[in-house]
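The structure appears right after this line, and notes come after that.
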Amino acid sequence: MTRPTLRSNESAEGAGERRKRSSARAAGLRTPGWVAWLFVAPALIVYAVFVLRPIALTVQYSMYRWDGIGPSAWAGLGNYAKVFTDPDLFASILNAIKLIVFFSVIPVVLSLAIASTIRRIATSRLALVARTVLFLPQVIPLVAAGIAWSWLMSSTGLVNQLLRLVGLGGVARAWLGDFSTALPAVGVIGAWVLLGLCTILLLSGMSKIDPALYEAARMDGAGPLREFFSITVPSLRQEIGVCVTVTVIAALASFDIVYVSTQGGPGNATMVPGLEIYYLAFTERQVGMASALAVVLMVLVILVALPIQWLTKDRSS
């Protein structure tokens, strides 16, 4: 009766030896930490050269009065002080903040409603057509979109023709050339461009929601609105955070649409920081002031984006 015990002990000892040898072999084959850095090094070098270095140079230039060619003069924080005291420069920042309503709030709210509607008819051809049409602005170059909308909103454009057709000719105007409507008109173009992106992002998030949640809600007597606010919106917390972050950054860093459609006019009614930086650096030759405004814009984007990411972070884990 002792032989099986001896054999089991011998087999256990053999298994232990094999485990030791395999662990020693694995330790011998373990890659040193510096090898991993070799794989990451190319990306880090590219990031440092094309991102970190330009940021550092921009901060350096913002401390000087410089025309980009001749000798520079130390300005310290004088350029930053002028950004907040010069009415035109500060107004450009306020215009960018106003555009957040059009570039972020309107697209996100509308895309939530549209995505929820498309989800209900997901199996129909209409849903496929709607997704395609809404995503088209992401394929069209922003320059082409700006030119097209400039024609549509001109005094003889399609928008005013439709208003005259329904008897609202008194409301018709050159929407991008009127001081009171130029900025909202630019905002409408931005909302049109970003609506499709937000809709597609939210639709992808809705596809991950468990259908059993909706079935349970219906069994409890919940209607479409109750399902939307109790299940859909809470389940899309991270997707909504991504949409808000992307659209807010697009509003604060807007350039293409404004430059093509209004070039900051009429007057400075649609001037935004990105366009102001361009004019200061390449037209007025105030590289130091342009750099200071660029740094302020970068800090503003970070200050706005980080709280959004924190508020929409998934804390379920």
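The values are calculated or read from the model by the stated rules, or taken from the named source; none is laboratory data. Computed from a predicted structure; not experimentally measured. Heads up, the Cβs are rebuilt from the backbone with ideal geometry, glycines too, and the neighbour counts pull from every protein chain shown.
Within region 207-230, the set of residues being under 28 Å from the mean Cα position of the chain (by Cα) and either modelled with pLDDT of 90 or more or not hydrophobic (A, V, I, L, M, F, W, C) (or both) comprises SER207, LYS208, ASP210, GLU227, SER230. Restricting attention to region 139-178, the residues that are within 30 Å of the chain's Cα centre (by Cα), in a helix (DSSP H, G or I) and without any contact (Cβ under 8 Å) to a residue 24 or more places away in the chain total 6.
Which count do you get for residues in region 265-294 that are over 27 Å from the mean Cα position of the chain (by Cα) and buried (at least 24 other Cβ atoms within 10 Å of the Cβ)? Number of matching residues: 1. The residue that is nearest to LYS98 (Cα to Cα), among those in region 157-187 that are polar (S, T, N, Q) and surrounded by 12 or more Cβ atoms within 10 Å (Cβ to Cβ), is THR181. Scanning region 252-273 for residues being part of a helix (DSSP H, G or I) and without any contact (Cβ under 8 Å) to a residue 24 or more places away in the chain gives a total of 0. Is there a residue in region 298-313 that is among the small types (Gly, Ala, Ser), surrounded by fewer than 18 Cβ atoms within 10 Å (Cβ to Cβ) and assigned to a loop (DSSP other than H, G, I, E, B)? No, there is no match, as no residue in region 298-313 is among the small types (Gly, Ala, Ser), surrounded by fewer than 18 Cβ atoms within 10 Å (Cβ to Cβ) and assigned to a loop (DSSP other than H, G, I, E, B). ASN95 fulfils the conditions (1) farther than 23 Å from TYR278 by Cβ; (2) touching a residue at least 60 places away in the same chain (Cβ under 8 Å); (3) surrounded by 15 or more Cβ atoms within 10 Å (Cβ to Cβ); (4) not basic (Lys, Arg) except for a single criterion, (1). Among the residues of region 101-117, write down those that are buried (at least 21 other Cβ atoms within 10 Å of the Cβ) and of a type in the set (A, V, I, L, M, F, W, C). Within region 101-117, PHE102, PHE103, VAL108, LEU112, ALA115 qualify.
Inspection of region 120-130 identifies no residue that is modelled with pLDDT of 90 or more, on the phi < 0 side of the Ramachandran plot and among the β-branched types (Val, Ile, Thr).
Of all residues in region 188-223, those that are free of Cβ contacts under 8 Å to residues at least 12 places away in the same chain and either surrounded by 12 or more Cβ atoms within 10 Å (Cβ to Cβ) or within 25 Å of ALA96 (Cα to Cα) (or both) total 3.
Collect the residues in region 121-150 that are surrounded by 13 or more Cβ atoms within 10 Å (Cβ to Cβ) and among the charged types (D, E, K, R), keeping them in residue-number order. Result: ARG131, single match.
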